[in-house]
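Read-outs: derived from the displayed coordinates by stated rules, not from any lab. Every value quoted in this text rests on a predicted model; they were computed, and no experiment measured them. Methodologically, a virtual Cβ is constructed for each residue, glycine included, from the backbone with ideal geometry; neighbour enumeration extends over all protein chains shown.
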Amino acid sequence: MIPTMNLNDEQQNAAHYDGSARHLLVLAGAGTGKTRTIIGRILYLIQHKVPAERILMLTFTRRAAKEMLLRLQNHAGKSADQLTAGTFHHFCLQVMRRVPKAFKVEDRTVIDRDDAQSLLQLVRGELVKKSEKRDFPKAVTILNYISYAKNCCIELPDYLQQFTELDDNTMQRITDIAQQYDVRKQQRRYLDYDDILHLFVQGIESNLKLRSRIAGLYQHVLVDEMQDTNPLQWRILQALSSAKLFCVGDDAQSIFAFRGADFRNVHEFETRLQNATILKLQQNYRSTQPILDIANWLLEQSDLQYDKHLVAHRGRGLKPRLLDFESKFDEADWIATDLQLRHENGAAWHHHKVLVRSAWSAKTLEGALIDRGIPYRFVGGTSLLEAAHVKDLLAMCRAAISAYDELAWIRYLKCWPKIGDVTAAKLVQQLIELSPADNPLEVIKSNLPKREDIQHGIALIQQYRSEPQIAIKLGAEHLSKALSQRYDRWDSRLGDLRLLSDLANRYKDLQGFVEAYTLDPVSNSEAEQAEQDDCVTLITVHSAKGTEAPVCYCLGVQPGMYPHLRSLGDADSEEEERRILYVALTRAQDELIITRSGDDNRTLFHGGSFVHSVGSSYFFEYLPVKLVEHEHFGFHSGHGGGSVLDELLDFE
Ligand code: ATP
Ligand code: MG
């Protein structure tokens, strides 16, 4: 007998739903147990004799999928093992790898955003004259246009017409560049992230037999974070809707519009699908009421009707603190001191999360933490697998897998001394013209007869393709000859490469490993390794979705950050910024500490009914005093932190 989860009546109604509707959407606020209800649903299904292999669970990150699988295994043991779980990208790729011909993805290598941008940069370089380069949209911008149009299922020219103010000529040329980018990807056997979803949808929509075979694999499809799915992902769900869909989401937490997320997938759930219904959850189990009060207030200020009022099952607790600092250095210093004090008083480091708007805005705090030796990990910024030396090793693996992988070959060749752009480009040109039967090592041998090391590295990896752990370990040692001169602190970098080899242990073949890590570098990196370590988590709000911690600091809640400068002037983007702040505030379980800093962040008046300060965050401009404990640090006119030396300031 599989033990069930502890669920309240509403959650149980959803998890044990057996009514007449085929498809279910659980629409509910933060911390109301949506993710828990998905797990409860799966346990219920397994208990009621649905074979686990007939269940598909789609999540927003692989980290989330892994955490949920772990919780399922805790309850259901081995019976949960056969479940398919992962992101949309991960799922589509797994399917396409089984039937590559049907999807036209034989021999295709997955490339990450950085590589996609490098490739587009090459194409842009060829199609845009030098004299125009400065004013023409950058590669990253063009890639965003292409990606957004694809994810929203809009033709690129239509997208450019509708959403940009570019002139006709520029639009035409961007379309040409996009076409050429596609050609280039095909020649080099590349798949970028968006192609994974796009080709999957094309494949199943154009081949009904294939579609019904794939859809027939699953009886139940469960989707977490439904509010962040985009139109392309919606089409995937539609194609799978011969299974029963069980989706959970919160429209107030929709924060991925910039990637094409469309919360109509939530709002129109009932009308777009036949025989669908919506259930709600009311009680929040994560936080105490004062934390929810400020989150509720934030949504109430919006012109949109979110129709959310979170009520804490846990009842009263500490009021959130709102702390003003003179500068970001004071702010960082205070947080580091506070963390240290809590730790000295017996709190574990990992009970603390610092939520930041961007990796960049965490830099000052990182400095303060390092200074005091406070252990931390960063989630959501550059991860181990995006570090240059790791990318070099992965490029070596990719080159060994595919002779057509232009970017990987260039990167690998350039690891070696005295090989620059010109030599690398010449060699690569020859490699990608090879027929599949030819051996790329012969080409290298005839071009660089005295550089045996270069061929040897590739041959070594090829030899161990089915033992990725050994391939990576030997590859790292071999590459060390080329790289130890190039990078500083080589010993610690070699340690990273060994770590990579340990991670590869779980994969049956090298391509699977490289692919998994190209798809989702963040969740596989330090975050996974350091999970058991006791350390403070610094995390971007976008990565913190779905997570929680007893004590949360929201850093830099000031204009320019919330709302982000980028969003100003565009009503939809500003509204998305409100939701980002909402996600940040609702991560805290027991204590929420909101900090802000800035030279013009001086309080205008005390004792009024609003926590009002010049340049205060736009969202908190009229924050009622009663919702927070408001304190100032380091203002010579204010409380606390002032120095007697400040008395010298008016000396003339
Ligand atoms: P988010 O919107 O942030 O993704 P969510 O709605 O998915 O949140 P969960 O993460 O599932 O919420 O739950 C929030 C917290 O409340 C978790 O710690 C969870 O274990 C706890 N919780 C949820 N329901 C119950 C319950 N019925 N009994 C006890 N604890 C619960
Ligand atoms: Mg959740």
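For the range 78-228, what Kirkwood radius comes out of the mean inverse Cα-Cα distance, in Å? If you can, show how the numbers build up before the last one.
Numbers: mean 1/r = 0.0576 Å⁻¹.
Taking the inverse mean of 1/r over all distinct Cα pairs, the range 78-228 comes out at 17.3 Å.
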> Given that compact globular proteins tend to follow 2.2 N^0.38 Å, what is the ratio of the alpha-carbon Rg of the range 194-352 to that value?
Replying inline: 1.45
> Once amide H atoms are placed 1.01 Å from N in the peptide plane, what residues at a sequence separation of 5 or more from L279, or on another chain, have their amide H within under 5 Å of its amide H?
Replying inline: L25, V26, L27
> Around D293, what is the net charge, scoring Lys/Arg as +1 and Asp/Glu as -1 over all other residues with Cβ under 15 Å from its Cβ?
Replying inline: +3
>> Just want the ordering: M561, M57, from fewest to most Cβ atoms lying within 10 Å of their own Cβ.
In response: M561, M57
> Taking only the alpha carbons of the range 286-381, what extent do you get along each of the three principal axes, in Å, biggest first?
Replying inline: 44, 30, 27
> Hey, what D do you get for the range 98-142 in µm²/s if you plug the Kirkwood alpha-carbon radius into Stokes-Einstein at 37 °C and 0.692 mPa s?
Replying inline: 262 µm²/s
> What dipole magnitude, in Debye to the nearest 20, does the chain give about its Cα centre under +1 on Lys/Arg Cβ and -1 on Asp/Glu Cβ?
Replying inline: 2800 debye
> Given the chain reduced to its alpha-carbon atoms as identical point scatterers, what log10 I(q)/I(0) does the Debye formula return at q = 0.08 Å⁻¹?
Replying inline: -0.68
> Where does the chain land at 222 nm, in deg cm²/dmol rounded to the nearest 500, when only DSSP H runs of n ≥ 4 count, each adding -39500 (n - 2.57), divided by all residues?
Replying inline: -14000 deg cm²/dmol
> What is the count of Lys pairs in the range 108-235 whose alpha carbons sit under 21 Å apart, if the two are 8 or more places apart or on different chains?
Replying inline: 5
>> How much length would be gained if the chain were fully extended between R566 and V183, taking 0.36 nm per residue of separation minus their Cα-Cα distance, in nm to one decimal?
In response: 134.6 nm
> Spin-label point model (7 Å from Cα, Cβ direction): what's the K138 to R211 distance in nm?
Replying inline: 4.0 nm
>> Under a crude label model (7 Å from the Cα following the beta-carbon direction), how far is D438 from Q340 in nanometres?
In response: 6.3 nm
> If you plug each phi of the range 456-468 into the Karplus form 6.51 cos²θ - 1.76 cosθ + 1.60 with θ = phi - 60°, what whole-Hz ³J(HN,Hα) values come out, in order, with x for Gly and Pro?
Replying inline: 4, x, 5, 4, 4, 5, 4, 4, 10, 4, 8, 10, x
> Which of the peptides 63-75, 154-166 is most tightly packed, and how do the rest follow, going by the mean number of other Cβ atoms within 10 Å of each residue?
Replying inline: 63-75, 154-166
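Taking the range 312-459 on its own, what percent of its Cα-Cα pair distances exceed 26 Å?
So the portion of pairs separated by more than 26 Å is 53 percent.
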>> With N set to the number of residues, divide the alpha-carbon radius of gyration of the range 405-527 by 2.2 N^0.38 Å and report two decimals.
In response: 1.10
>> For the pairs K414/K473; K66/K363; K66/K508, flag any whose C-alpha to C-alpha distance is greater than 22 Å.
In response: K66/K363
> Quick one: if the Förster radius is 56 Å, what FRET efficiency do K363 and H48 give, using the C-beta to C-beta distance and rounding to 0.05?
Replying inline: 0.65
>> How much of the pair distance distribution for the range 1-153 lies past 29 Å, counting alpha-carbon pairs only, in percent?
In response: 41 percent
> Any idea how far apart A388 and L166 come out in nm if each label point goes 7 Å out from Cα toward Cβ?
Replying inline: 3.1 nm
> So if we plug the beta-carbon distance of K104 and R451 into 1/(1 + (r/R0)^6) with R0 = 51 Å, what FRET efficiency do we get, rounded to 0.05?
Replying inline: 0.90
